[in-house]
Amino acid sequence: MTESYDSASNGPRPENRFDDLLPNARQNTGVSTALDKNVPVAIDVQGIEKKYGEIEAVKGISFQVERGEVFAFLGPNGAGKTTTIRMLCTLARPTGGSAKVDGFDVMQQPTAVRRRIGLVFQEPTLDQQLTAEENLQFHAVLYRVPRDQVEERIESVLRLVDLQDRRKDLVSTFSGGMARRLEIARGMLHTPAVLFLDEPTIGLDPQTRALMWKDVLRLRNEEGVTIFLTTHYMDEAEYADRIAIIDHGTIVALDTPDHLKKMVGSDTVELTTSNNTLASSNLETQGFSVKVGDENVVVFADNGESQVTSIIEAAGVPIQNVRVHRPNLDDVFLHFTGRQIREGPAERSFPMHFRNFGHRR
Amino acid sequence: MAAVDILVGSARLSDERNKIGFELRTIAMVWKRELIRFMRTKTRILSSFVQPILFLFVLGYGMTSLVGTTGGFDFKKFVFPGIVSMTVVTTAIFSAISIVWDREFGFLREMLVAPVSRGALVFGKALGGTTIATIQGTIMLALAPLIGVHLTVLLVIEVILLEALMAFALTTFGVFVASRIQKMEGFQVVMQLVLFPMIFLSGALFPLNGLPVWLAVITRINPLTYAVDPLRHVVFAVQNMPPAAAARFATGVTIFGNTIPVIGEIGIVVVFAVIFLGLAIRGFGKPD
Ligand SMILES: Nc1ncnc2c1ncn2[C@@H]1O[C@H](COP(=O)(O)OP(=O)(O)OP(=O)(O)O)[C@@H](O)[C@H]1O
Ligand SMILES: [Mg+2]
């Protein structure tokens, strides 16, 4: 019963600089040691459902989340995201199906589940009249952090979210973003195996949202925690290792961001050349499927960025500009649900092609 | 095999001991939070004195001129223990009802999802309210010389113990009520419908003898009556009251002509506290 409170003895870790916040960050880190016990999956959901009277909030969904994974639930308001989290955290009783968190059944062993999870609610749950430190101390006691580790843990989680110097300040003096990050720190205080974040970035400005993601990925990398989060921001879901798109209480798609986008359609490589007609006929003879536009040549390719060099070669004319476009998650959502997500941000945070060139292998 | 059994057995034993340790730590933490919050809200400390002091002077002096003095004992002295009780009760209820705020600001959820027993949370909360209310009530004793009420060390100790019991009973009651309130608006309703009637109909502010039957019945049903009377009893015991005054401002609650002994009254309050502690724990945040 006490093993989960041992501080994560992950050994020395390389200083993490977080210049790479993209999903494949995970591959660079040794996310394996502390929490890999004999339980293969962190979350195992089998046909879980929840009815509130007539309303079927969650209609029998199944999925697994691996250890150390960042798993995102993406869906519009009322899709059933919070309801799912509430069931996994033993706060709501499923009306059907079953679920295990860190190997423990949410219905049969709720206390064991609660000890192994950290939870950040959609709504704030800090005591405004206490300081950051006092909020954390309270939490440490309720989650049975051993007395001699409390101080160390408080320091380390505050460092994780960069709030060390606000430690003694009342939470009522915090900005919304700071309070939110303190909540995430608090969720991590007792070294949970799984951290649930219900819309962690709701109501935050783009900078703070980016910071928050830095925190989340850093947590996963440094503490090896499994992260389950919900969001309705399209661009955020791309930070996750896998995404489940949930709509009207059912999962309509579940895969890595890359695969989801592939399902929607192939990448396109747009070339601006000195001679578009020649380029396109050259490409066609090499077996590429091509469309000539007004000012450019569009090549359809399954894995655009890795084929860029061969495409340029095949074109056989001087190239002025190359741009790789991948279908984005907005396209994905539209594809799977037949409608636009209702609350997507108008602007994407980075241009897609910049990302693709900069960070993918 | 035997060695293994012993090992397992002792592991289980230390598990049990740990469990109790964790529960105690939780109780202490919840208690501490109540105190920290109380200390931080200076206005709350002050405002919880304003009302009783107002009552003491307005009602005390007003009624004294109306009722007159019997053998050097006046209404101010009579009402003083009642005012102390009033301070304790108001503070206790206010403290318990802060759960409604906790719900509003979300902190209640933080407590409820934690892997701790609801019993520890409620008990910690009740002890916090008890401590605060007892401190407030005891501070009121500072006014005793002004009113002409004698204090002895023993009396102060007795008063503190009785205040603590009263406060504990009222906090558990308050936690129970608060756990039924979903909205802030409910709070005002509780104050108007529960707290004030309870205080006014408890014998805190007027003697219980010679009341019209309907009023007598209500005061005897009101559990607070049995918490206020012992406090008045111990205070009066050291006041050198002439027999005429003792008869005029009698202590003791009579039912069908029988006076309930102080120990019996304390017993009633204890039973009340235990029942509401149980109800408060049961009603404290059930999952849906
Ligand atoms: N306690 C409840 N009683 C009745 N219906 C509920 C309850 N909680 C949720 N619902 C319903 O279940 C459905 C799913 O709600 P849920 O809160 O899970 O959505 P969500 O995906 O978290 O949405 P949001 O993005 O707005 O947070 C909604 O139709 C909601 O009205
Ligand atoms: Mg929600």
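Accessible surface for segment B:40-283, divided over its residues, is 41 Å² per residue with a 1.4 Å probe. Legend: residues B:Arg118, B:Arg25, A:Arg166, sorted from most to least accessible area (1.4 Å probe; ligands, DNA and RNA excluded), read B:Arg118, A:Arg166, B:Arg25.
Note on exposure: A:Ile48, B:Ile275 ranked by accessible area (1.4 Å probe, complete protein assembly) read B:Ile275, A:Ile48, with the most exposed listed first. Computed from point charges on the beta carbon alone (+1 for Lys and Arg, -1 for Asp and Glu), the dipole magnitude for the protein assembly as shown about its Cα centre is near 2240 Debye. For chain B, the alpha-carbon radius of gyration amounts to 1.14 times the rule-of-thumb value 2.2 N^0.38 Å expected for a compact globular protein. Expressed as a fraction of 2.2 N^0.38 Å, the value expected for a compact globular protein of N residues, the C-alpha radius of gyration of segment B:176-270 is 1.26. Residue by residue along A:136-147, Cβ atoms of other protein chains within 10 Å of the local Cβ number 5 on average. Taking all protein chains as shown and a probe of 1.4 angstrom, A:Ser175 keeps an accessible surface of around 60 Å². Buried area at the B:A interface is about 2900 square angstrom, summed over both chains, from accessible surfaces computed with a 1.4 angstrom probe. The solvent-accessible area of A:His259, taken with every protein chain present and a 1.4 Å probe, is close to 90 Å². What the Cβ-Cβ distance of A:Thr256 and B:Thr254 gives, at R0 = 60 Å and to the nearest 0.05, is a FRET efficiency of 0.15.
Subtracting the Cα-Cα distance of B:Ile53 and B:Leu151 from their residue separation scaled by 0.36 nm leaves 33.4 nm. Principal axis analysis of the Cα atoms in segment A:232-324 yields extents of 51, 23, 22 Å, listed in decreasing size.
For B:Ala245, what charge total do you get from the other residues with a beta carbon under 10 Å from its beta carbon, if Lys and Arg give +1 and Asp and Glu give -1? Local net charge: +1. For segment A:117-131, accessible area lost to neighbouring protein chains reaches 50 Å² or more, against the chain alone with a 1.4 Å probe, at A:Phe121, A:Thr125, A:Asp127, A:Gln129.
Expressed as a whole percent, the accessible surface of chain B that belongs to carbon and sulfur atoms is 73, based on a 1.4 Å probe. If R0 is 22 Å, the Cβ-Cβ spacing of A:Asp162 and A:Gln122 corresponds to a FRET efficiency of close to 0.45. In plain terms, the chain from A:Thr277 to A:Asp205 could stretch by 21.3 nm, reckoned as 0.36 nm per residue minus the Cα-Cα distance. Calculated mean residue ellipticity, 222 nm, the protein assembly as shown: -16500 deg cm²/dmol, from DSSP H runs (n ≥ 4) at -39500 (n - 2.57) each, averaged per residue and rounded to 500. The angle between the Cα long axis of helix B:42-54 and the main principal axis of chain B comes to about 30°, on a 0 to 90 degree scale. Note on segment A:185-293: Rg/Rh from C-alpha atoms, Kirkwood Rh, equals 1.18. For chain B, the residue among B:Gly82, B:Ala204, B:Leu35 whose Cα projects farthest onto the positive side of the dipole built from Cβ charges is B:Leu35. For segment B:40-283, a simple Cβ point-charge model (Lys and Arg +1, Asp and Glu -1, everything else neutral) yields a dipole of about 360 debye relative to the Cα centre. Of the residues making up segment A:68-91, those losing 30 Å² or more of accessible area when the isolated chain is joined by the remaining protein chains, with a 1.4 Å probe, are A:Arg86, A:Leu91.
Listed by chain and number, the lysines placed with their C-alpha closer than 20 angstrom to that of A:Lys100 are A:Lys37, A:Lys50, A:Lys51, A:Lys59, A:Lys81; residues fewer than eight positions away on the same chain are left out.
Note on B:115-124: average number of Cβ atoms from other chains within 10 Å of each residue's Cβ is 2. Protein-only accessible surface at a 1.4 angstrom probe places the residues A:Trp213, B:Trp31 in the order B:Trp31, A:Trp213, largest first. Normalising by residue count, the protein assembly as shown has a Cα convex hull of 215 Å³ per residue. Put the Cα centre of segment A:127-181 next to the Cα centre of segment B:58-72 and the gap is 55 Å.
The values are calculated or read from the model by the stated rules, or taken from the named source; none is laboratory data. Given the structure is predicted, the values throughout are model-derived calculations rather than measurements. Cβ atoms come from the backbone with ideal geometry, glycine included; neighbour counts cover every protein chain shown. The protein model used for the area step is the full one, side chains on, heavy atoms only, and it has no ligands, DNA or RNA in it. Shrake-Rupley method; radii C 1.70, N 1.55, O 1.52, S 1.80 Å.
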